[in-house]
Structures are given as C-alpha cells and as structure tokens.
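Throughout, read-outs are computed from the coordinates displayed, never taken from laboratory work. This structure is a prediction, so every number in the text was calculated from the model and none was measured. Counting neighbours? That spans all protein chains shown, and the Cβs are built from the backbone with ideal geometry, glycine included.
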Amino acid sequence: MKRITMVVAMKQEAAPLIEKLGLTETNDTNPLLPCKTFAGEYKNLSINLITNGSDSVHGVENVGTQPATLAAYEALRLLSPELVINAGTCGGFSDKGSKIGDVYIGERIRFFDRRIPMGDHYEAYGDGNFQCEVAVDLARKLDLPTSIVCTGNSLDMSPTDEAILRQEPMVNKEMEAAAIAWVASHYQTPMVAVKSVTDLMDSKHGTAEEFASNLALASRNLQEEVLRLLDLLARQ
Ligand code: SAH
C-alpha cells in the first residue's frame, strides 16, 4: 500500500480533507510539539495528514516556515511516506491570470525573502529552488496548471518581495512549501505542492480580508483537486 503524507498548515485548510477522507486523529508526534496528526485509508493508499497545530500563547494557527519545518520533519521521520503532498492556500496575481479558487501544482518551489548576497552559492542556497519533477508529471495527467510556489514568512508583500515574485512567470505566494521541500529533500522523498488561491495580491482589497473571505471556498477546491490527485495515485 502506498504511503502518502499530507502536510497542511492550518486546520481550516485541512478540515474538508479530513472530513472527505474520514481521517481520525492519531497523536503520533511528541506531545510537547503543536503538530496534529490524522490517519486513514483511501482506496489502496495509506494516508497520514499533519497540521501545524495552534500557538498556545496567541491561540492562532501556526503558519510560516518554522512550524512547517517541524511538522514536515516529524512526518518524514515517523511516517516514512513515499510521497509528501503539501496542500494549502496561496496568493496569486490577477494580471498573471490567477483567479480566486484556482488550484495550481508547484513545478518549482523557492523562498522569495531569504536574500543572502554573499556570493552565488549563498544566494542560490537562500532561494532554495527545489524542482518537482514528479509533481509536473502528475499535474500534466490531472490537467492542472503549474506555478512557481514562492515561500516567505509574511502575508503582506514589500516592494522588494513583489519585484522578486514578479520575475517568475506564474507565481503563487505562500508561507510553508519551501520549508517542507527542504526537509523532504533530506529524506529523498518527492513532494507535490497543491495550492489554492485565496487572495489576489494585485487587487484593491487587502490580502488579509480577501484571505478570510475566500478561505472556505479555496479549501473546498483544494479538497476536490487533492482527491483527484489521490485517485490518480491510487491507479498508478
Ligand atoms: N489572516 C489569517 C492568517 C493567514 S496566514 C488568519 O487570521 O487566519 C496565511 C496562510 O495562508 C499561510 O499558511 C500561507 O501559506 C497561506 N497564504 C494564503 N495567501 C497568502 C499570501 N498572499 N501570502 C502568504 N501566504 C498566504
């Protein structure tokens, strides 16, 4: 049976997937850590799902690269999946053709806010740029668009960030994928980032309010496309 682990940042993003797949909570990780784990079976697939959990001090969902690194590390170490799926939400640019609720697969995953101008090697290290060959093949079979998934630790966007993001042809901005890709690369495990657009970063509405009003719709679309992906994986 193929072992698949989904790494999902927020419980709101994970909820439709947990419900649709009938996953149950498993408490696999160290109880000192905030991560939450769920498991179940779908067709011939063994599915685990890990979320970042919530912050005990501030009561919000843990988002960003350090909780994503922790969750990915726990998942890869404990569950040894054959494939990691990072399902989540993201921002897109409407003038590059993105619409709210569109779902993309990452063909390459990079950091956009780790600028280390200390020579070519540090610059390349900062950007990350993890190629996702397996994901590109799956996207083609699912007829889903691909994008460059760009990870940073802010929901808003500085002018420098925007200039870097805009250099990429098709781009989705989010806060976890490159951290997960970095961990997966150590375990030599392929990764598929599936990202659903909650906000258009060039719209006149603020990113935070667009995110909040579109999170449920984007999470539903995410669930539908992840199910199509699992159906495909179950046939392979
Ligand atoms: N304001 C929200 C916090 C969302 S943080 C709240 O109070 O619930 C944003 C989360 O969604 C991150 O996990 C990130 O991966 C994703 N995301 C969606 N749109 C984003 C964008 N435009 N920029 C960065 N991350 C985004």
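Could you check segment 56-67 and list, in sequence order, the residues that are more than 10 Å from the ligand (Cβ to nearest atom) and within 22 Å of W182 (Cα to Cα)? If you could, list the steps in order and put the result at the bottom.
Within segment 56-67, the subset more than 10 Å from the ligand (Cβ to nearest atom) is 56-59, 66.
Q66 - this is the single residue of segment 56-67 that is more than 10 Å from the ligand (Cβ to nearest atom) and within 22 Å of W182 (Cα to Cα).
Does segment 165-176 contain any residue that is polar (S, T, N, Q), assigned to a loop (DSSP other than H, G, I, E, B), surrounded by fewer than 23 Cβ atoms within 10 Å (Cβ to Cβ) and on the phi > 0 side of the Ramachandran plot? Can you show your working first?
Narrowing segment 165-176 to residues polar (S, T, N, Q): 167, 172.
Within this subset, residues satisfying the condition of being assigned to a loop (DSSP other than H, G, I, E, B) are 167.
Subset that is surrounded by fewer than 23 Cβ atoms within 10 Å (Cβ to Cβ): 167.
After this cut, where a residue has to be on the phi > 0 side of the Ramachandran plot as well, the list is none.
Scanning segment 165-176, I find no residue that is polar (S, T, N, Q), assigned to a loop (DSSP other than H, G, I, E, B), surrounded by fewer than 23 Cβ atoms within 10 Å (Cβ to Cβ) and on the phi > 0 side of the Ramachandran plot, so the answer is no.
Evaluate the following for A124: is it outside any loop (DSSP other than H, G, I, E, B), out of contact with any His (no Cβ under 8 Å at 6 or more places or on another chain), more than 16 Å from the ligand (Cβ to nearest atom) and closer than 23 Å to L232 by Cα?
On the way: outside any loop (DSSP other than H, G, I, E, B): yes; out of contact with any His (no Cβ under 8 Å at 6 or more places or on another chain): yes; more than 16 Å from the ligand (Cβ to nearest atom): yes; closer than 23 Å to L232 by Cα: no.
The answer is no for A124.
Could you list, ordered by first residue, the pairs with Cβ atoms under 6 Å in which the first is in segment 37-53 and more than 19 Å from R228 (Cβ to Cβ) and the second is of a type in the set (S, T, Y) and surrounded by fewer than 23 Cβ atoms within 10 Å (Cβ to Cβ), at least 6 apart or interchain?
Every condition considered, the pairs that remain are T37/T26; T37/T29; A39/T26; I50/T37.
Looking for something within 25 Å of Q12 (Cα to Cα), in contact with a Cys (Cβ under 6 Å, 6 or more places away or on another chain) and not hydroxyl-bearing (S, T, Y) - is there at least one such residue anywhere in segment 92-99? Show your work before the answer.
Residues of segment 92-99 within 25 Å of Q12 (Cα to Cα): 92-94, 98-99.
Restricting the remaining residues to those that are in contact with a Cys (Cβ under 6 Å, 6 or more places away or on another chain) gives none.
No, there is no match, as no residue in segment 92-99 is within 25 Å of Q12 (Cα to Cα), in contact with a Cys (Cβ under 6 Å, 6 or more places away or on another chain) and not hydroxyl-bearing (S, T, Y).
Within segment 204-232, count every residue that is of a type outside the set (G, A, S) and either in contact with a Gly (Cβ under 9 Å, 6 or more places away or on another chain) or within 12 Å of the ligand (Cβ to nearest atom) (or both).
Of all residues in segment 204-232, those of a type outside the set (G, A, S) come to 204-205, 207, 209-211, 214-215, 217, 220-232.
The next check asks that each one be either in contact with a Gly (Cβ under 9 Å, 6 or more places away or on another chain) or within 12 Å of the ligand (Cβ to nearest atom) (or both); those that pass are 205, 207, 209-211, 214-215, 217, 220-222.
Final tally of qualifying residues: 11.
Just one of G40, G53, G101 is surrounded by fewer than 20 Cβ atoms within 10 Å (Cβ to Cβ), of a type outside the set (A, V, I, L, M, F, W, C) and within 13 Å of the ligand (Cβ to nearest atom); which is it?
Values: G40 fails: within 13 Å of the ligand (Cβ to nearest atom); G53 fails: surrounded by fewer than 20 Cβ atoms within 10 Å (Cβ to Cβ).
Within the list G40, G53, G101, the selection yields G101.
Residues that are over 18 Å from the mean Cα position of the chain (by Cα): which strands (runs of 3 or more DSSP E) entirely in segment 1-115 hold 1 or more of them?
Details: elements: 2-8, 36-42, 45-51, 83-92, 103-111.
Those strands (runs of 3 or more DSSP E) span 2-8, 36-42, 45-51.
Taking the options L70, L78, L17, name whichever one is more than 16 Å from the ligand (Cβ to nearest atom) and touching a residue at least 24 places away in the same chain (Cβ under 8 Å). Show your work before the answer.
Values: L70 fails: more than 16 Å from the ligand (Cβ to nearest atom); L17 fails: more than 16 Å from the ligand (Cβ to nearest atom).
Only one candidate qualifies: L78.
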